[in-house]
1. Taking θ = phi - 60°, what integer Hz values does the Karplus form 6.51 cos²θ - 1.76 cosθ + 1.60 yield along region A:173-185, in sequence order, with x for Gly and Pro?
2. Taking amide H atoms as placed 1.01 Å from N in the peptide plane, list the residues 5 or more away in sequence, or in a different chain, whose amide H sits under 5 Å from that of B:Ala456.
3. Given R₀ = 25 Å, FRET efficiency for B:Phe704-B:Asp172 by Cβ-Cβ distance, to 0.05?
4. In whole angstrom, how far apart do the alpha carbon centroids of region A:159-220 and region B:478-508 sit?
5. Determine the shape class of region B:682-751: with a ≥ b ≥ c the square roots of the Cα gyration tensor eigenvalues, call it rounded for a/c under 1.5, and otherwise prolate if a/b is greater than b/c, oblate otherwise.
6. Classify chain B from the C-alpha gyration tensor, please: rounded if a/c falls under 1.5, else prolate or oblate depending on whether a/b exceeds b/c.
7. What FRET efficiency comes out for the pair A:Thr132/C:Ala42, r = Cβ-Cβ distance, R0 = 22 Å, nearest 0.05?
8. Using the Cα centre of region C:20-150 as origin and beta-carbon charges of +1 (Lys, Arg) and -1 (Asp, Glu), tell me which of C:Ile89, C:Leu120, C:Met136 is placed farthest towards the positive end of the dipole.
Amino acid sequence: MYKKLRLAFPFLLPGLAGLLIFYGIPFVGGIWYSVTDGRIENSFVGIENYVAVWKNQMFQLGLKNTLELSLICAPLLFLLSFVLAAGLHRIRPAGAFFRSSVLMPYLMPSSAILVIWLLWFDFGGPVNRIMTALGMDRVDWLTGAELRIPVVLMFLWKNLGFCVVIFLSALQSIPESLYEYATLEGASFTKQTVSITLPLVIPSAFLVVILAFVSAFRIFKEVYFIGGAYPDEPLYTLQNYMNNMYGKLNYQNVTTAAYIFALIVFVLFGLLFLSQRQAMRRLNGGD
Amino acid sequence: MKKTNTRILLWILTLILAVAGTAPAFASAGDRTIIHLSTNDGYMESSINAVFRDGDGLVVIQQGFDREVTRYADLKAEGEQFDASEWTMTNEKPENLDAEEIDGIYYVSYGNEVGWFSYNGGIYMFGAEGTYENDSSVIKDAAFLRLEMKDGKAKCVTTDLPHPDFSEMVEDSGDYQYMNSLNETYVSGDTLYASVYSSNGLGIFAIDLKTGNCRQYELKEFDEMCGGPEGSLIISRSEWPDNSDYAILRLFRLDTESGDEELITELKEVNDSQLNLSYDPETDCLYYVMDGELWRMPGADPEKAEALNDCPITGQGMLFMPDGFVVVWDSETVVVRNTDPSQRGTTMLRVLDNGYSSAISETVYDMNNVRGDISVIIKREYTLKSDILQAMMNRDGTVDIYVLDYDSNEFRALYNRGYLTDLSGNAQIMANMEQIQPYIREALTQDGKVIAVPLAADGRTVGINMEKWKKAGGTEEELPKTWDQFFDWLETVPEKIANLEEAQVFETWMDRRDFRSNLNDLMTNLYQVRMELKGDDSYAFNNELLNRLVTRAAKIDYDALGLHEPIDDDDEEGGYISYEYKEPLLTVYGSTTVNQDSTQYETLNLAFEEGEDPVLPVTLTVAVVNPFSENAEAAAEYLSLTAKNLRTPNAYTIFTGKTEPVQYAYVDSQLKQMAETIEMYKGFLEKAENGEEKSNIEETLHMFEQDREEMLKYSWVISKEAIENYAKRLPFLMVQRMLSPRMMLSVGDESDLVYKMFYGEESDNVTPDELLNTIDKKIQMMRMEGN
Amino acid sequence: MKNKGFRIWLARALLLLLAVIILLPMVQTFLYSFSSMAEIKALMDTRGNKSTDVWMDLRLSPHMISLEQYERILIKDETILHFFTNSVIYAAAILLGQTLIIPSLAFALSKFRFRGREALFFLIVMLMLLPFQVTMVPNVLTLRFLGLLNTPWAVILPMLFAPFYVFLLRQYMVTLPDELLEAASMDGAGPYRSFLRIVLPVCRPVLGAAAALSFAESWNLVEQPLTYLTSRMDLMPLSTIFNQLAKESTGYEFAGAGLYILPALLIYLFFQEDILSGIQLTEMK
């Protein structure tokens, strides 16, 4: 719209300066830490830190857990929110109450909610009561690999609403006439979903995927509250590694680990972007 | 290349924020240490009671074995001592004061010095007179006496001031009456104000010097008091917000007429709540010493507060002198400081003391003598709040000297990354190094360079009272050599000492939980030290050996060892159990270094496997120089002077060739006094008329002899035994380089876990497997993360 | 048709159940906040019992209604209130600062055409994806250099430029028809006036959504304060200290949690429609 850069300056500069100071420079400056040894001479060591960190068992454990948790959380979130949104879309008139309640957790401070959450999952708590009522044995939710379940559920609880709302609005923006026409044409429900619903929700779906992953990467907050700096192995995330290295004053390893992770994130999202484009093109071409 | 990068980054940031320049600093003209009493033995022969301004000069009143009164004509003058031998004598019969008359001389003792103050140019003492009989005491009278310095003599003479109404100030605990001392005395007009620490807490008294009437202010709890503007008082209250390392200090103005308070200002991020304030009415400024510097705050406005000069003491009192000088004093030290910040020198040596080391603070006075041009500012942080490595990353040279524990994570990080200045260039440090025990010397060097100077040493393992052991018929050969043998042996101990009436196995206050947690802490730590020494870092704590030992500590026959059930703090009724005192044979706090306790206790030098050397660690507190310090040379010089200011036990631990036992300084005079008393009673004995009297005196004499023995026994700062025992341990001693597993867990933000595993009520039910697996899991994770 | 109606009712019932489960943590926290402290302590002490014979006595509501917990945290003991105030200050300062900075940045990124605009936007999206730890160390050193470490600014300032909200607003502003602004400039309104008079009012829903979401984030800050305020525990927001409250039960943790949830709840109820429409209008293009 406006083409003169001069006019944009007053809008751009304050925000840009801040982004530069608190995100840009630290991000670029951080690279420096990852390629030096942090000793007093601070010599350049090339990729030595990267090799060392990559080989570190705890880094590997953290990376593995973070990726695993993300790969559990994000797709679950995606599927659940799509199913719910689709369901909600169909019974629109009564969805309001549900819609309000499902979005509410997104605003709730998880630190405060965790108090009751952990009570529920206690060995003698209500979740286990339900388990026994259903004829199963009690599970020790709060140690070992089982601890992942309350954490994942907490994640879903918190983020579900946001994604449902995004999907829902995408679904609602699809003109009803398209479906009517398809039904007249004799297209089955599945066919309708694939050829009408999917292409039109792809931009939103893509957003949900990104948000799901971003939030999943940030699951550390809850992990930290439950397990502290050194939680049981299945819950030790990459952020644990980075935070602990920070506590040990090893800034080289913190930044190195951070960049490895950033690289993985970029590659992952790069691929997502590409696949989105491809999907859009194929669908458009298929019409 | 790399440097320029950092530079550019810093430049950009500087431009953005336009950071102000740093202020220069230092040793101002006229600064002086007038008195500094010190001892490395931990016993002070004398202390400073009060210091007063006298014209352009000072009067210092000291109390040691004798009273000393010294006058300084001005701040540059040498002291002139007054003879205080006639302190309480007077030729005239004092009116309305109790005085004992002997040969026409009246002795006015009022020997309880309740407080000192200056009024109308005179120096006054508030003295109390009491009687002591049969373990009870009564305060009979109190009076104001004036200090008179005439013809080379100092006396306390009677005055025209009225009798003070002291009834409110007498404390009564049953039969025992006493008066609490008047502190922070301040005279405004004709009223003497003083803070008094009583059994009801801290309070303020106001005594009218015209009438002697006494008024007490009803105040909420407060910390310090000083004079304020227009006859008011200023009181301070500090608050430590939960979990905060810093206090908030609030200053209130107390209207002395109405007793009303009004908040005047708030100081944030205060390190020390006992900040001693002084008010100078001439300039309407508050003065105080904080973090090693003298500060002035005009008009109670923290924004305007400014550091004026360095100051080695926080001070009990401050005097405002001519030409902008102040005198700051406490019970050991009197210093003069210039308050003109423009006269501060340019070399400031900043020390961050996280080790609570007296050696560092004592060295200031030596440094002032050697390098008067350098201003030394010591800031204490009992828990380390400063991020040293961050400072290093930012190439920050603000702090020149850091005092750290050798086994702390901070020291380790600095050491591993070579952020420690090479001190080898300082000849004195190198000469000191020659005298240092080889095992410590080795820890202080890195790649052939000296990188730290030792200030204190400590360490512990199980200790045994050998005197008692031998008395019980035990021999050295019977003592255990390994931890396994220790537990076998422990089972036989109760029987062995059963015939010793005065002894028991452990301290009376030790309960089962204390015993187990201490032993577990000790054993896991020693095991870690042992494995580190072996260069093995792939071990697990839950191994067969350690598991067996921890199990044995949990399974031992507590009743036989006299270890009672833990007393629950929450239990309101049973919280108090009294025991008769018996000397313990064993302690889990046995010291591996030389100190007072090691006279009594020798360490049990236990190995983990037969044929191995015992593990005896020593933890060090050291001082290092910041590699980015601009005053590295001065800093090294400062550290070179610390060697002679070490506390005696530390000196004996750290340096070689210390073989002479050290006795407390008071011993000679006390022995003399005891000898006199004994002689006197021996005289009585000769004159004794009947058998009963004779045996009574003999009994008393016997008691005196026993007292003398007892006094001699505890008269050693460093005893012959302590030195010998240390020499025996020397081949096995080593400097601990890592935090103990327990400490490591608490540093790793797992403090509640430590409580659960070691000390808390829950630890009673923790199995050896659980304990060791927890340590393994956490520490293994920490270790695998690397440093 | 009857069959379909039944299915819809079934779906509704299921959704209702799900909604109840979703709301339950909040509801129960509030209910428990009205228990006596002794009851809470007793309950919390039964945690962690691994015996299969024992159940916790965990009911939905307290035995007896008591305001003891609230009395403790609001009147008797100022600790919670102190940290709560910190949280309020952080959230308010962050929100205020963001209002000044983020909409204009988003405006510049959406309605101005200049070289590097797309690249810039791409960078912002990338930054948005990164977890906090990636820029943690350089940030600490920068803040330290600026003398802001261990001050509230260390927490507030970086948050003012949070890329996520730039992204959110920009996505919305892009969809605004250029005609809107063209019409305004015909009437002689420059970009400043158009921004204030036209763009901001039109963006109301997304602004509301962004504000609510940002509030949720700053109300739940954990990593930033723990990293930037290491030596100033007194500056911590309430979110960082629940752990300690609950681990060794203080008895008033539920009132604390209730108090902490309340502002978030109110904000949600107040901005609910904005949040919904704001989110609905966002998609990835």
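1. Rounded to whole hertz, the list is 7, 7, x, 4, 4, 4, 5, 4, 4, 5, 4, 4, 5.
2. So B:Ala456 has HN proximity to B:Thr621.
3. It comes out at approximately 0.15.
4. 78 Å
5. Judged from the Cα gyration tensor, region B:682-751 comes out prolate (a/c at least 1.5, a/b above b/c).
6. oblate
7. In this case the efficiency is close to 0.45.
8. C:Leu120
FYI, it's all coordinate maths here, none of it is from the lab. This one's a predicted model, so the numbers in the text were calculated from it and none came from an experiment. All Cβ positions, even for glycine, are placed from backbone atoms using ideal geometry, and neighbour counts span all protein chains on display.
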